[in-house]
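The values are calculated or read from the model by the stated rules, or taken from the named source; none is laboratory data. Keep in mind it's a predicted model, so treat the numbers as computed, not measured. Cβ: placed from backbone, ideal geometry, glycine included. Neighbour counts: every protein chain shown. Each accessible area value is taken on the protein alone, full model and side chains, heavy atoms only, with ligands, DNA and RNA left out. Shrake-Rupley method; radii C 1.70, N 1.55, O 1.52, S 1.80 Å.
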Amino acid sequence: MNLLGGLSVDEFLRDYWQKKPLVIRQALPGFECPVSPDELAGLACEEAVESRIILENEDGKPWQLYNGPFAPDRFQSLPGQDWTLLVQGLDHWVPEIADLLEPFRFIPNWRLDDIMASYAPKGGSVGPHYDQYDVFLIQGLGQREWTFGGQCDHTSPRVEGTPLRILSHWEGEETVVLEPGDMLYLPPGVGHHGVARNDCITLSVGFRAPTVDDILTGFTDHLCSQTDASQHLTDPDLQRQDNPGAIQPAVIDQLDQLIRERIGDRRQLAFWFGQYTTAPKSLDIVVPAEEPLDTATVLATLKQGSSLRWNEGSRFAFHTLNDETALFVDGERYLLKGDAQSLAPLLCQGARIDSEALIRLLADEALADLVTVLYNQGSLYFE
């Protein structure tokens with residue numbers, strides 16, 4: 001597979017990742033899109049699927065947005081061109097789409113957002129804009145013309161009268177037409193505008209990083225959920241002061257020490273971050289197995305030749321802390337010690353688990369029970 005156009009992973013990360021765009025011709029040679037426009041429309045009618053329709057112009061109003069789920073007859077009322085259907089999290093619902101993520105495993109699992117599908121007839125577009133995340137745009141069907149270039153931010157002028165963040169005064173630096181199997185990488189903040197030349201589907205593989213606000217509020221909320229967070233400040237050595245309105249330096253010192261002790265706890269930081277970055281995007285994605293299995297049945301099924309894979313919407317990650325490894329699966333944390341730590345990297349390596357290696361590790365009864373829990377909660381399934 002020529003995913004990076006002949007570049008090594010190290011070269012791509014050094015020269016392009018979060019630095020500049022890259023057009024990769026035939027990154028996926030002979031690629032055939034796993035979903036059709038009709039199938040995308042069907043998914044957009046489902047309650048659990050996040051979807052949107054964008055019309056470039058509706059009764060003189062620019063770039064109008066409608067959120068799904070949609071009634072099936074909604075698609076009959078759309079114009080012949082100049083509109084776009086977006087289906088978010090397509091990898092959560094279509095195994096063949098989820099498989100497209102495997103070549104991207106050189107990027108950490110915690111950075112993955114999802115794969116979004118964009119279907120548009122001729123002229124369809126979501127307007128010139130920029131994103132705050134890294135994205136690989138894979139052309140799946142038809143042709144789309146992309147103009148891109150120039151760094152944008154919150155000060156860039158936007159079109160008024162639309163809920164979308166459309167750039168009003170922007171000129172790209174380069175224009176290309178992507179054919180099926182071609183791919184365009186765009187770092188955060190780079191302006192871009194894609195227009196369908198004919199009926200086309202583009203698959204957007206997005207990689208996000210949390211904002212500083214996400215990190216600060218998320219971690220402090222996590223700390224506040226700890227059992228000792230309800231304790232009050234104490235001052236048994238309180239001294240009389242001349243003015244009761246003065247906040248003494250000793251009080252600020254006490255607060256400073258308390259905050260530093262709490263936020264300086266790297267173990268708790270790792271626990272929060274692992275759970276935060278693997279939490280499912282919605283409650284509909286990871287659901288318990290219809291027929292729960294006991295540990296003996298899981299082992300027997302593996303030994304009979306079946307293999308386990310991730311639920312398409314599941315997230316797996318791990319972090320090693322001294323003599324233990326924290327395994328994070330769908331927002332839950334499992335602590336492993338000793339030889340059991342080998343299970344975490346095996347489960348997190350890719351969507352399909354190496355059955356032979358897994359069977360060897362599951363000789364440990366506790367690990368076999370853990371994998372059974374992951375199966376029964378819906379994070380793993382047999383294929």
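Of note:
- Matching residues, the stretch 76-90, being part of a helix (DSSP H, G or I) and either exposed (fewer than 15 other Cβ atoms within 10 Å of the Cβ) or modelled with pLDDT under 95 (or both): Q76, S77
- Checking each residue in the stretch 22-58 for being in a loop (DSSP other than H, G, I, E, B) and more than 19 Å from Q143 (Cα to Cα) picks out A44, C45, E46, E47, A48, V49, E50.
- Each residue in the stretch 286-299 was checked for being surrounded by 19 or more Cβ atoms within 10 Å (Cβ to Cβ) and closer than 20 Å to A98 by Cβ, and 1 of them qualify.
- Among (1) open to solvent by 50 Å² or more (accessible area, probe 1.4 Å); (2) within 26 Å of Y119 (Cβ to Cβ) - the single one G172 does not satisfy: (1)
- The residues on offer are L13, L65, and the sole one that is in contact (Cβ under 8 Å) with a residue 60 or more places away in the chain and part of a helix (DSSP H, G or I) is L13.
- Long-range neighbours under 8 Å by Cβ, at least six apart or interchain, first residue under 17 Å from K281 (Cα atoms) and in a strand (DSSP E or B) within the stretch 330-342, second open to solvent by less than 60 Å² (accessible area, probe 1.4 Å) and modelled with pLDDT under 95: none
Every residue, every condition in (1) open to solvent by 20 Å² or more (accessible area, probe 1.4 Å); (2) over 21 Å from the mean Cα position of the chain (by Cα), yes or no:
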{"residue": "M116", "(1), (2)": "yes, no"}
{"residue": "Y119", "(1), (2)": "yes, no"}
{"residue": "G124", "(1), (2)": "no, yes"}
{"residue": "G127", "(1), (2)": "no, yes"}
{"residue": "Y130", "(1), (2)": "no, no"}
{"residue": "I138", "(1), (2)": "no, no"}
{"residue": "L141", "(1), (2)": "yes, yes"}
{"residue": "E145", "(1), (2)": "yes, yes"}
{"residue": "Q151", "(1), (2)": "yes, yes"}
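- Residues that are loosely packed, with under 11 Cβ neighbours inside 10 Å and closer than 28 Å to M116 by Cα, drawn from the stretch 206-232: V212, D213
The rows are residues; the columns are (1) open to solvent by less than 70 Å² (accessible area, probe 1.4 Å); (2) touching a strand residue (DSSP E or B) at 6+ places or on another chain (Cβ under 8 Å); (3) aromatic (F, W, Y).
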site	(1), (2), (3)
D15	yes, no, no
I24	yes, yes, no
L40	yes, yes, no
L43	yes, yes, no
I53	yes, yes, no
D59	no, no, no
P62	yes, yes, no
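- Single condition E291 does not satisfy, out of (1) out of contact with any helix residue (DSSP H, G or I) (no Cβ under 7 Å at 6 or more places or on another chain); (2) not in a loop (DSSP other than H, G, I, E, B): (2)
- Pairs where the first residue, in the stretch 294-312, is over 19 Å from E356 (Cβ atoms) and the second is open to solvent by less than 20 Å² (accessible area, probe 1.4 Å) and of a type in the set (A, V, I, L, M), C-beta under 7 Å, 6+ apart: N311/L380; E312/A98
- Going through (1) surrounded by fewer than 17 Cβ atoms within 10 Å (Cβ to Cβ); (2) more than 20 Å from the chain's Cα centre (by Cα); (3) of a type outside the set (V, I, T); (4) in a loop (DSSP other than H, G, I, E, B) one by one, F70 falls short only on (1).
- Residues that are assigned to a strand (DSSP E or B), surrounded by fewer than 21 Cβ atoms within 10 Å (Cβ to Cβ) and on the phi > 0 side of the Ramachandran plot do not occur anywhere in the stretch 96-113.
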